[in-house]
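Chemist: Before I ask anything, let me first share the structure, which is written out below as structure tokens.
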Amino acid sequence: MTNSLPAPLAPALSPAQRRQIINVVRRAARAEILPRFRKLAAGDIRTKADDADLVTDADIAAEAMIARALQIAFPHALVIGEEAATDKPEILDQIGQAQLAFHIDPVDGTWNFAKGLHTFGVIIAATRYGQPVFGLIYDPVSDDWAIASEETEAQLQRPIGPAETLKVSMGKPLEDLTGLLPLWLFPKDKQAQIAATLPGFASVTSLRCSAHEYRMVAQGHVDFTLSASLNSWDHAAGALICAQAGAHVEMLDGGDYSAARQHGYLLVAPDKITWNKLRKTFAFLLAETDGGADMASS
């Protein structure tokens, strides 16, 4: 995915359909997410893969509400929710063949949400045969959203007032770059090498929330992101929004980003020149891991 995506024969979603999705997400936040914020009992929070991978009653209820509304509005679309895919991961194999698929992260940044922190959001993406064609990242606390489609620029919108056009930062030397990189999600045998690169940047951190990380990049507040866990509900919307805000979005191995791809590294940078510098810095990640899994070709 480069700075702008090629125009399709027809838009995947009309302006009215995009507004409908925004309304659905805002209703779900008001009905299922915000009433539970800072009010979760111990039994409302559960673990999935590990103690840091959480799911709450808000995730389950919001996903059900959003998925139901999308399935009614788009009866022929493939609808993939994070929590549903956890139970039935085989549904991910259908992404590349789906003419229209929706990807739902009902509460992105669940760890933050469960700890009472405001850094969480709702992510909705639409893809055509795996390629992002619509992205929405909603902040329930602020009631605003970053949005883009294949034929529209990235914007920050609010219920009242003019939209703000989003623009990524300017390219700069590596030592001046700020980045977002969740170190713990990378292969264990690569983490020490990754950590050794970090002093070469101005700063690198993580928000534990893809929604706000991509919003930060699209707004030009942070320069780059590098991701290792390619769940489509985390990245499809943000990849499109950042690309439409001017970023260079590409897999570290040089391939185009696709929501159908489940392994590899996604690098988002302000421009191609900066992307190439970062790619050279992190090229060691493309070597075969100690476990024998070649992340570059998976």
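Chemist: Within the stretch 189-214, work out how many residues are in contact with an Asp or Glu (Cβ under 8 Å, 6 or more places away or on another chain) and within 20 Å of residue 82 (Cα to Cα).
Modeler: Here is the first cut: in the stretch 189-214, the residues in contact with an Asp or Glu (Cβ under 8 Å, 6 or more places away or on another chain) are 189, 200-202, 206-207, 209-212.
Among the residues that remain, those that are also within 20 Å of residue 82 (Cα to Cα) are: 207, 209-212.
Residues flagged as in contact with an Asp or Glu (Cβ under 8 Å, 6 or more places away or on another chain) and within 20 Å of residue 82 (Cα to Cα) within the stretch 189-214 amount to 5.
Chemist: Sticking with this structure for a sec: Looking at this structure, is residue 180 crowded, with 17+ Cβ neighbours inside 10 Å, within 30 Å of residue 62 (Cβ to Cβ), free of Cβ contacts under 8 Å to residues at least 60 places away in the same chain and in contact with a helix residue (DSSP H, G or I) (Cβ under 6 Å, 6 or more places away or on another chain)?
Modeler: Numbers: crowded, with 17+ Cβ neighbours inside 10 Å: yes; within 30 Å of residue 62 (Cβ to Cβ): yes; free of Cβ contacts under 8 Å to residues at least 60 places away in the same chain: yes; in contact with a helix residue (DSSP H, G or I) (Cβ under 6 Å, 6 or more places away or on another chain): yes.
When the stated conditions are applied, residue 180 passes them.
Chemist: Which ones in the stretch 118-133 are over 17 Å from residue 230 (Cβ atoms) and either touching a Cys at 6+ places or on another chain (Cβ under 9 Å) or outside any loop (DSSP other than H, G, I, E, B) (or both)?
Modeler: If we filter the stretch 118-133 for residues that are over 17 Å from residue 230 (Cβ atoms), which is where we start, we get 118-122, 124, 126, 128, 133.
Those that are over 17 Å from residue 230 (Cβ atoms) and either touching a Cys at 6+ places or on another chain (Cβ under 9 Å) or outside any loop (DSSP other than H, G, I, E, B) (or both): 119, 120, 121, 122, 124, 126, 128, 133.
Chemist: Let me ask another. Say whether the condition of being over 20 Å from residue 283 (Cβ atoms) and out of contact with any Asp or Glu (no Cβ under 8 Å at 6 or more places or on another chain) is met by at least one residue in the stretch 180-188. So that I can check it myself, show each step before the final result.
Modeler: To start, the set of residues in the stretch 180-188 that are over 20 Å from residue 283 (Cβ atoms) comprises 184.
Next, from what is left, pick out any that are out of contact with any Asp or Glu (no Cβ under 8 Å at 6 or more places or on another chain): 184.
Looking through the stretch 180-188, at least one residue is over 20 Å from residue 283 (Cβ atoms) and out of contact with any Asp or Glu (no Cβ under 8 Å at 6 or more places or on another chain).
Chemist: Counting only residues that are over 19 Å from residue 239 (Cβ atoms) and in contact (Cβ under 8 Å) with a residue 60 or more places away in the chain, which one in the stretch 117-138 is surrounded by the fewest Cβ atoms within 10 Å (Cβ to Cβ)?
Modeler: Step by step, filter the stretch 117-138, then rank; the result is 119.
Chemist: Looking at the stretch 1-116, what strands (runs of 3 or more DSSP E) fall wholly within it and have at least 2 residues that are surrounded by 15 or more Cβ atoms within 10 Å (Cβ to Cβ)? Let's see the steps before the verdict.
Modeler: Numbers: elements: 45-47, 54-56, 78-81, 101-108.
The strands (runs of 3 or more DSSP E) meeting that bar are 54-56, 78-81, 101-108.
Chemist: For the stretch 139-156, name all the residues that are outside any loop (DSSP other than H, G, I, E, B), in contact (Cβ under 8 Å) with a residue 40 or more places away in the chain and not aromatic (Phe, Trp, Tyr).
Modeler: Result: 139, 146, 147, 148, 149, 152, 153, 154, 156.
Chemist: Also: Tell me yes or no: at least one residue of the stretch 100-111 is among the charged types (D, E, K, R) and either under 25 Å from residue 204 (Cβ atoms) or out of contact with any Asp or Glu (no Cβ under 7 Å at 6 or more places or on another chain) (or both).
Modeler: Filtering the stretch 100-111 down to residues among the charged types (D, E, K, R) leaves 105, 108.
This time we only want the ones that are either under 25 Å from residue 204 (Cβ atoms) or out of contact with any Asp or Glu (no Cβ under 7 Å at 6 or more places or on another chain) (or both), so: 105, 108.
Checked the stretch 100-111: at least one residue is among the charged types (D, E, K, R) and either under 25 Å from residue 204 (Cβ atoms) or out of contact with any Asp or Glu (no Cβ under 7 Å at 6 or more places or on another chain) (or both).
Chemist: Look at residue 267 and say whether it is modelled with pLDDT of 95 or more, within 30 Å of residue 94 (Cα to Cα) and in contact with a Phe, Trp or Tyr (Cβ under 7 Å, 6 or more places away or on another chain). Walk me through how you get there before you give the answer.
Modeler: Details: modelled with pLDDT of 95 or more: yes; within 30 Å of residue 94 (Cα to Cα): yes; in contact with a Phe, Trp or Tyr (Cβ under 7 Å, 6 or more places away or on another chain): yes.
Answer is yes for this residue.
Chemist: Given 215, 261, which one is outside the structural domain of residue 99 (by TED's automatic domain parsing) and part of a helix (DSSP H, G or I)?
Modeler: Numbers: 261 fails: part of a helix (DSSP H, G or I).
One residue alone meets the criteria, 215.
Per-residue answers, yes or no, for (1) closer than 18 Å to residue 249 by Cβ; (2) among the aromatic types (Phe, Trp, Tyr):
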position	(1), (2)
169	yes, no
182	yes, no
185	no, no
197	no, no
200	no, no
203	no, no
206	no, no
214	yes, yes
221	yes, no
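Chemist: Of the residues that sit in the stretch 148-169 and are in contact with a Leu (Cβ under 6 Å, 6 or more places away or on another chain) and over 13 Å from residue 216 (Cα atoms), which one is modelled with the lowest pLDDT?
Modeler: Only one residue fits best here, namely 150.
The values are calculated or read from the model by the stated rules, or taken from the named source; none is laboratory data. Because the structure is predicted, anything quoted here is derived from the model rather than measured. Here Cβ is always computed from backbone atoms with ideal geometry, including for glycine, and neighbour counts include all displayed protein chains.
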